[in-house]
Amino acid sequence: MIIDLAEMKQHLRVDGDDEDLTISAISEAAQSQVANWIGRPIYARLEDMPAEGDPEYDRFQMVADNGIRVAIKMLGERFYFYRGGEGGAAEDAVPPMSVRALLSGYRVFCKMDEAYGDG
């Protein structure tokens with residue numbers, strides 16, 4: 001986990017343990033959506049990243065910096081406060097504009113080796 005339970009609870013200003021399972025699931029979902037949006041695996045620490053040659057290795061993998069961490073927390077906050085969705089509006093299908101702005105420099109649009117083979 002890039003953002004652990006305690007850090008997400010602090011961001012959400014939640015005291016107590018009643019919603020720990022929900023907040024943990026929301027944090028994981030936010031991390032997953034951020035990774036999917038930027039098109040690359042993200043890790044909490046360098047030691048967590050697969051080494052070259054490992055089947056899980058991705059040349060675009062990265063360690064989450066503060067921009068990624070803030071985006072995960074912002075998205076987690078949105079998921080937490082709008083747990084029931086917002087009515088199916090088109091903008092619900094993508095991260096909010098503020099999160100997209102934070103993530104814009106991290107996006108990988110086309111992985112050449114996947115699109116055109118190894119070269």
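The values are calculated or read from the model by the stated rules, or taken from the named source; none is laboratory data. Quantities reported herein were computed from a predicted structural model and do not represent experimental measurements. Cβ atoms come from the backbone with ideal geometry, glycine included; neighbour counts cover every protein chain shown. Note: areas computed on protein heavy atoms with side chains; ligands, DNA, RNA excluded. Shrake-Rupley method; radii C 1.70, N 1.55, O 1.52, S 1.80 Å.
Being without any contact (Cβ under 8 Å) to a residue 24 or more places away in the chain, open to solvent by 50 Å² or more (accessible area, probe 1.4 Å) and assigned to a helix (DSSP H, G or I) is the filter; apply it to the range 23-72 and report the residue that is farthest from P96 (Cα to Cα).
Going through the qualifying residues, I end up with E47.
Taking the condition surrounded by 10 or more Cβ atoms within 10 Å (Cβ to Cβ) and either modelled with pLDDT of 95 or more or more than 20 Å from A6 (Cβ to Cβ) (or both), does R83 pass?
On the way: surrounded by 10 or more Cβ atoms within 10 Å (Cβ to Cβ): no; either modelled with pLDDT of 95 or more or more than 20 Å from A6 (Cβ to Cβ) (or both): yes.
Considered against the rule, which asks whether it is surrounded by 10 or more Cβ atoms within 10 Å (Cβ to Cβ) and either modelled with pLDDT of 95 or more or more than 20 Å from A6 (Cβ to Cβ) (or both), R83 comes out as no.
Residues of the range 86-103 being at pLDDT below 80 and either open to solvent by 60 Å² or more (accessible area, probe 1.4 Å) or aliphatic (A, V, I, L, M) (or both), which ones?
Keep residues of the range 86-103 that are at pLDDT below 80, which gives 86-94.
If the condition is that a residue be at pLDDT below 80 and either open to solvent by 60 Å² or more (accessible area, probe 1.4 Å) or aliphatic (A, V, I, L, M) (or both), then E86, G87, G88, A89, A90, E91, A93, V94 are the ones that fit.
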